[in-house]
Each structure stands twice: as structure tokens, then as C-alpha cells.
Amino acid sequence: MIGAPPRSLRWDLVRRLVGLQAIMLTLFVMLVMAALWSAGFLISLEPEDDTIAALRDAVARDTNGGLTLRETPAIMERRAAVPDFWFLVRDRDGRSISEGPVPKEYARIGAALDGIGQARLGWNLGDPPRPTARLKWVEGPAGQIQILTGPGGVVSWRRAVVAASTLLLTVIAPVFFLMTLATLIATPAVVRRALAGLGRAVTQAGTIDVDRRGARLPLEQVPAEVAPLVAAVNAALGRLDEGYERHKRFLLDAAHELRTPIAILRTRLESLGPGPGMSRLIEDVARLSTLAEQLLDLQRLNQQNVALVPVDLVQIAQRVAADLAPLAIAAGYEMAFESEVERAEMRGDPASLERALANLVQNAIQHGGRSGSIILRVDRPATISVTDEGPGVPAADRERVFEPFHRLHSRDRGVGLGLNLVQEIVRLHDARITVLDGPNGGACFRITFQPLSRSS
């Protein structure tokens, strides 16, 4: 069963922070707006505004130019809704009209406030109580008039909705948008910077490999909540390195210990003289000896710090061809060396390169069908290949042949470590080995190295 993909810690934090900040911003803006609204610094919903609007539409001019009040539904509604309904309406020429019990404090105040657009009149705490009133200049059917009316009535829900919408669109929405935009931009940047140390640890973890041990994840700038996990991973890596070193030492010691009894066994078998099955026993002992030597080669290769120096692949290939030519000829092959260049320089370890080529040639001798040619060839800029004319390597097995103890056929007499040793040497040199079809139907093992640059 395939589990759900892991959630991103970064975006999970961003989503949670943005959601929390959105809630806090909403509450903060609502509280501020409510405080400003109640203090009268924003749109104020006065109940007298409905009375003023009704009077503005109801006041008209008579035939003599004076002010008159039409009995509109709004005026009748205000009379029914407001006890002690009163008003005083005047124009700039001094003509006026009034209704109800106009307080004496406001009977003559209109002319003194001609220069004021609107005002709320009343009393402060500590002053003698007096009636409150609302004054406002408006433009209506009667022209520009000044309306002075007393308190009373309620704010209609339509005016409340319009006022709230106006406040939302003109004040709250722009502020909320700007703060949300800043949050969406700043929060990911802050989270990304806070997790930068964790990102470096992830990058370092991707470079850890069995051939590059000793690496540890950095703890610098790692969040304190994640630091124990990184420290635990580093401790686990340390234990793995120690276990790997113990494993290598065990294999090296075991290979060393095997050499002596194998040599003694081979000497005793040879001293017994020829007999039924003796050659087969000696051949089996030789396989054990080869296995012990290859195990030693692998462990030496992993343990030593090889210094790579400039080498010439042509010279190395010539030496290997000369050393193994008698063995190939004795097995029924023709041994040939070819090179399209006089020199093919690269940086490498001569001893390990010779072991790799010798193993490839020995592999060709063992699996080449004991006929045809074995060709050791160097091509530009730094490529070397070993080709035989045997049955070749099936395409499905061309990656597996480099696995330890893997053999194409169960009846093969090899021990299955030679090609694995070749691959380890190739990795040591940051090179690449591929298995191809030979021109005459055999197998071609090709190693491509990094050529030595002129600046080196």
C-alpha cells in the first residue's frame, strides 16, 4: 500500500501562520473600526439623519417663495415614530418654517451658524442638562436650506448596510488587502530563512555515500526543534561508519588468515603426485587462493588513500598486454594491443589501473571461448577497452556482472569478484565502465576516464 506523500513543513507553517495572522488582522481591524465608529471619527449613523432626509424632500416653495411643508409618507412616519417631533427649517434669506416644541435654546441659533455645514448641539458632562439637536445644511426641492431637528428615532437597516459596506470597501478592505499581501510575501521569506539550515543539512545528506564515509549533517542554523533529530542522524552515521570499518577489518583479517592454510593445502596436494581428480582439486584450491587475493585487493583499495598522479594509459595497457600475452596464448587466444594515440594521459593510480586491466583480460581469457583474439585497445582522449570474440554478455546481465559473486553461469570456474574489483577501481578514478557488443560477436568492456587537461 502506497502511503500519502509527505507534507511540506515549510508550506504547512506558511499556511498556518497566514491563517492565524488573517484571523488576528480581522479581529484587530474590526476592533479598531468599532472604536473609531463609536468615537465618531468615521461614518456616523445619526438617527436624526433620517428626519433631515425626510424634511429635505418635503420642504418646498410656495407661490410667494416662502417655505412650506408637504405631507409626505416619510414626514408622517417620523411624526409617528418620534415623540415630541420638532424641527426648524430656514433658508439664507431668513425665511423659516417650524413644527413642534422647538427648544428656546435653538429658536434663534440658526442664523449664528450659517457658516457651519453640520453640527451636533447638546451639553457636556457637568453642564446643566439641555436638549440635544442636529443641524445641517442640505440641498433639496426648496434649494439650499438649513435644518435643525431634535433627537429621536432609530437608524434603518438599509442605512446601516450602506454605511457598513462603505466602511468595508473604503477602509477595512484596503487595509486588510495590504496587510494580507505583506503577510503572504513576508511569511514565506521568514520561514524559508528559518529553515535554511535544515535545507543545507538535506543537501549534505544527499552527498553521503558508502564510498564517501565520515560525512555529517551540519547543525549550524538548524532550528532547535530539529537539532535533536539531526544530532541523532549524525550519531547513527557514526555508528554505521564504525560498523563498516569493523566489517572491513574482519574481511581483511579473514582473507589474510585464509592465505596460509590455502597455501599449505596447495603444497600438500602437489606433493601427493598425480592421481584421479588431483588436477581438479588443485584447480579448486587455486580458485580459493584467487578469492582470498581479490578480497585483499578490495579491502586494500577501500582502506588506502590513493594518490592520483599523471599516468599514461598507453604504457599501462602495453605492460598488461605483455604480461598476460603468454597466458592468453596458452589458453588458445591471439593477444593484440592497439592504440590510435601515442599517449593518453590522465590522473590515476598505476597499480590499481593495472589490476583493473589485468582482471578484464583474465575475464576475457576465461569467458572468451578459448578461441579468437583478445584485443586491448586505447582510444582518444582517455578510453581503454578489452574485447574478445566469445559468446558475449546478454544485455539483461550487463549491469549485474559487476555485482560481487555474480556469475553468468553456475558452472563458471570464476569466483565472481574480478569485475566487482574493476568497478571499484573505476569509481575510484571517477570514470565509467560499460559493456558493449564486440565487433565480432564477443564482449567489449570499455572504461572512459577523464583526460588530463593541459592546465594540470
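Between D57 and E245, the distance separating the two model label sites (each 7 Å from Cα on the Cα→Cβ line) works out to 9.4 nm. Shown is the FRET efficiency for E71 and R200, computed with R0 = 51 Å from the Cβ-Cβ distance and rounded to the nearest 0.05: 0.05. When each of D437, D12 is scored by the number of other beta-carbon atoms lying within 10 Å, the sequence from fewest to most is D12, D437.
Quick one: check the C-alpha center-to-center distance for the stretch 374-404 versus the stretch 211-245, whole angstrom. Taking the Cα centre of each part, the stretch 374-404 and the stretch 211-245 sit 39 Å apart. Computed extension gain for V309 through A111, at 0.36 nm per residue and net of the alpha carbon distance, reaches 60.5 nm.
Placing +1 on the Cβ of every Lys and Arg and -1 on the Cβ of every Asp and Glu, with no other charges, gives the stretch 305-448 a dipole of roughly 320 debye about its Cα centre.
The simple spin-label model puts a point 7 Å past each Cα toward its Cβ; for S165 and R432 those points are separated by 6.8 nm. Of R432, R78, the sequence from fewest to most neighbouring Cβ atoms within 10 angstrom is R432, R78.
Taking amide H as placed 1.01 Å from N in the peptide plane, the amide H of G372 sits under 5 Å from that of E334, each at least 5 places away or on another chain. Under a 5 Å amide H cut-off, with hydrogens placed 1.01 Å from N, G390 pairs with G442, A443 among residues at least 5 apart or on other chains. Couplings for the stretch 418-425, taken from phi via the Karplus curve 6.51 cos²θ - 1.76 cosθ + 1.60 with θ = phi - 60°, read x, 6, 5, 5, 4, 4, 5, 5 Hz in order; Gly and Pro are left as x. With the simple spin-label model, which puts each label point 7 Å out from Cα in the Cβ direction, the L20 to E342 separation comes to 7.4 nm.
Taking other C-beta atoms within 10 angstrom as a stand-in for reagent exposure, F177, F337, F449 fall in the order F177, F337, F449, fewest first.
Quick note: the coordinates plus some simple rules give every number you see, no bench work behind them. Since this is a predicted model, take the numbers as computed values, not measurements. Note that each Cβ is placed from the backbone with ideal geometry, even for glycine, and that neighbours are counted across all protein chains shown.
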